[in-house]
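**Student:** Handing you a structure now.
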Amino acid sequence: MMSKEERLASEGRVKILRFYPSMKELYIVVGRMNEYVVNLDPPFCTCEDFFFKLTQKKEKKCVHIKALEIALRDKSCEVFILNDEEMDQIFKYLVLDLLRK
Ligand SMILES: [Zn+2]
């Protein structure tokens, strides 16, 4: 029986947006309902669990952060190559997407 994070990783739901030439990377995990911006170090995720569990100090990592760890380890991330010029656009889209929820 796979855990939720193993399933997310194995289903290729962890995406890397890699920007050239800066080589900056943005990690996105596509969940059932939403997509989340995730970071490993420091741990960060835009999902509800992360915010509420973290503020209550119950847990530091949500399922999306764990999925990112697994996907990076297993190299099962889907990588999208983008230009630095596109970064503004991506962030604008992500913010608008967050506000729509
Ligand atoms: Zn999360």
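No lab work stands behind these numbers, since they all come straight from the coordinates. Only a predicted model underlies this, so the values are computations on that prediction, with no experimental measurement involved. Please note: Cβ atoms are built from the backbone with ideal geometry, for glycine as well, and neighbour counts cover all protein chains shown.
**Student:** Counting pairwise Cα distances across the chain, what percent come out greater than 23 angstrom?
**Tutor:** Percentage above 23 Å: 26.
**Student:** Once amide H atoms are built 1.01 Å from N in the peptide plane, which residues 5 or more positions from G31, or in another chain, come under 5 Å H to H?
**Tutor:** For G31, the qualifying residues are Y36.
**Student:** Quick one: net charge of I70's neighbours, Cβ under 13 Å, K/R +1, D/E -1?
**Tutor:** With Lys, Arg at +1 and Asp, Glu at -1, the neighbours total +2.
**Student:** Rank by packing, highest mean first: peptides 56-69, 1-14, with packing defined as the count of other Cβ atoms within 10 Å averaged across residues.
**Tutor:** Per-residue mean Cβ counts within 10 Å order the peptides as 56-69, 1-14.
**Student:** Let me confirm the definition first: pairs of Lys residues in the chain, 8 or more apart or on different chains, C-alpha distance under 19 Å. How many are there?
**Tutor:** Taking the chain as the scope, the lysine pair count is 20.
**Student:** May I pose another question? Could you check the simple spin-label distance between I16 and D84, using points 7 Å along Cα→Cβ, in nm with one decimal?
**Tutor:** If labels sit at I16 and D84, their model points lie 1.9 nm apart.
**Student:** While we're looking at this one, here's another question. Please check: in the Gaussian network model of the chain (C-alpha springs, under 10 Å), which one of D41, D84, D74 has the largest mean-square fluctuation.
**Tutor:** D41
**Student:** Under 5 Å between amide H atoms, partner at least 5 residues away or on a different chain: which partners does T46 have, H built in plane at 1.01 Å?
**Tutor:** Correct list: V37.
**Student:** Okay, moving on. Taking the Cα centre of the stretch 4-100 as origin, work out the dipole magnitude from +1 charges on Lys and Arg Cβ and -1 charges on Asp and Glu Cβ, in debye rounded to 20.
**Tutor:** 440 debye
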